[in-house]
Amino acid sequence: MSQVLSADEEVISDVVACQLVIKQILDVIDVIAPVEVREKMASQLKTIDFSASPAADPVTVRAVQKAIALIELKFTPQNETH
């Protein structure tokens, strides 16, 4: 890792690294977590009240929306998809 990255490249690198780790975590959860646990994961994120938090910027709101979609997509049984 002798190459020096720009600030933007470093952020992109961080995002990709996080995505790879999240993929691994989701794979593990898919194997070991019962459906109830997975449903609770998504429902906890859905209960976040952004209107009560002045610090809720659009990037954070969108990130939570994506997290919910990722959990729900990842754990939707294949026979329930359209």
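What does the charge count around Thr47 come to, taking other residues whose C-beta lies under 15 Å from its C-beta (Lys +1, Arg +1, Asp -1, Glu -1)?
Working: positive: Lys40, Lys46; negative: Glu39, Asp49, Glu72.
Every neighbour counted, the sum reads -1.
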So what is the orientation-averaged projected area of segment 31-71, using the convex hull of its C-alpha atoms, in nm²? 3.2
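Ordering Thr60, Thr47 by accessible area with a probe of 1.4 Å, largest first, what comes out? All intermediate terms of the calculation are to be shown ahead of the outcome.
Details: Thr60 60, Thr47 105 Å².
Largest accessible area first, the list is Thr47, Thr60.
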Helix 58-74: inclination vs the chain longest Cα principal axis, degrees, rounded to 10, gives 50
On the accessible surface of the chain, probed at 1.4 Å with all protein chains in place, carbon and sulfur together account for a percent value of 63
Relative to the longest principal axis of the chain, what angle (0 to 90°, nearest 10) does the C-alpha long axis of helix 7-32 take? 20
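May I ask you to derive the FRET efficiency for Asp30 and Gln65 from their Cβ-Cβ distance with R0 = 30 Å, giving the value to the nearest 0.05? Numbers along the way, then the final one.
Values: r = 21 Å, r/R0 = 0.70.
Using R0 = 30 Å, I get an efficiency of 0.90.
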Using the heavy atoms of the protein chains and a 1.4 angstrom probe, tell me the accessible area per residue for the chain in square angstrom. 82
Rounded, prolate or oblate: which one fits the chain, using the alpha carbon gyration tensor with axes a ≥ b ≥ c (rounded when a/c is under 1.5, else prolate when a/b beats b/c, else oblate)? oblate
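The values are calculated or read from the model by the stated rules, or taken from the named source; none is laboratory data. As the structure is a prediction and not an experimental result, all values here were calculated from the model. As a convention, Cβ positions derive from the backbone with ideal geometry for all residues, glycine included, and neighbour counts pool all protein chains shown. Areas reflect the complete protein model, heavy atoms only, side chains present, ligands, DNA and RNA absent. Shrake-Rupley method; radii C 1.70, N 1.55, O 1.52, S 1.80 Å.
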